[in-house]
Amino acid sequence: MIILDFGGTLAEGSINWDEYHSSIHEYLRGLGFNVDLNELKGAISAALRLLERVRSREEELTLEEVYAHALSKLGIPESPEILEGIHGLFRRHFKTELYPCVERTLESLFRRYRLAVISNTMSDNPRVFLNQTGLNRYFDLVVCSRDLGIRKPNPKIFQHVLGRLGVEAKEAVHVGDEPETDLQGAQRTGIKAVLVDKGGRTQDWSGPTIRSICQLPEVIEELSRADP
């Protein structure tokens, strides 16, 4: 089985945070909440600091939990409808673009291996994007860290995928671009790892390395031949 990271491995994502937060301000004002934009940004900054503290423990919050914290500081009700509206704005503002070769690579790997995704994210955007593009057809499972409240490199998120799919760690390979999360997380779980080092900057990794997802089928084939 091959477990793939999403952002930085399959796709590149970006968001203009100022525009996104301004859109939240307009959304809340449209609902009748006369909140100051700077106060809103301050409350969001405090919520994001909380998120970073949680993430330092290899845990995760959902986007809704993060923005519920911000709204509570402003005295705004944390209703599911408002929080889903804010998440919807995030999906609209977050721009995702596939790297070259991704669909061709997935098609090639899909013929021989089971595929899964593990993405560190407070949003469900990777799952939504894969569904919208039809690429979800290649994957047996897509897990966002928000789903479980834990994030890579926590071995539990890898173990969750292995358990769901009935695969042993020695039968899996994880592919990602972040040494501290993807590589360490896989190794701590007993999973082989492949680094996607697009810039050729990682010096402290001696394992399998590719510069582009286009090279992955060849490397996976080499790893398969090397297994006893």
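The values are calculated or read from the model by the stated rules, or taken from the named source; none is laboratory data. Fair warning: this is a prediction, and the values are worked out from it, not measured in the lab. Note: ideal-geometry Cβ built from the backbone for every residue, glycine included; neighbour counts use all protein chains shown.
Below, the figures for the structure above:
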read-out	value
Cβ pairs under 9 Å, 6+ apart, first in region 6-28 and among the charged types (D, E, K, R), second in a helix (DSSP H, G or I)	ASP18/LYS41; GLU19/HIS93
Search result, residues across region 43-84 that are surrounded by fewer than 17 Cβ atoms within 10 Å (Cβ to Cβ), in contact (Cβ under 8 Å) with a residue 12 or more places away in the chain and small (Gly, Ala, Ser)	ALA46
Among (1) without any contact (Cβ under 8 Å) to a residue 40 or more places away in the chain; (2) touching an Asp or Glu at 6+ places or on another chain (Cβ under 7 Å) - the single one THR133 does not satisfy	(2)
So LEU61, is it modelled with pLDDT of 95 or more, part of a helix (DSSP H, G or I) and among the aliphatic types (A, V, I, L, M)	no
Residue satisfying all of: in region 176-204; in contact (Cβ under 8 Å) with a residue 12 or more places away in the chain, outside any helix (DSSP H, G or I) and among the small types (Gly, Ala, Ser); surrounded by the fewest Cβ atoms within 10 Å (Cβ to Cβ) among these	GLY190
Residue satisfying condition, being among the charged types (D, E, K, R), in a helix (DSSP H, G or I) and more than 18 Å from the chain's Cα centre (by Cα), within set GLU78, GLU39	GLU39
Qualifying residue in region 128-140 (condition: part of a helix (DSSP H, G or I) and over 26 Å from ILE15 (Cα atoms))	yes
Conditions (1) of a type outside the set (Asp, Glu); (2) out of contact with any strand residue (DSSP E or B) (no Cβ under 8 Å at 6 or more places or on another chain); (3) within 24 Å of CYS144 (Cβ to Cβ); (4) assigned by TED's automatic domain parsing to the domain that holds GLU221: number failed by LEU89	(4)
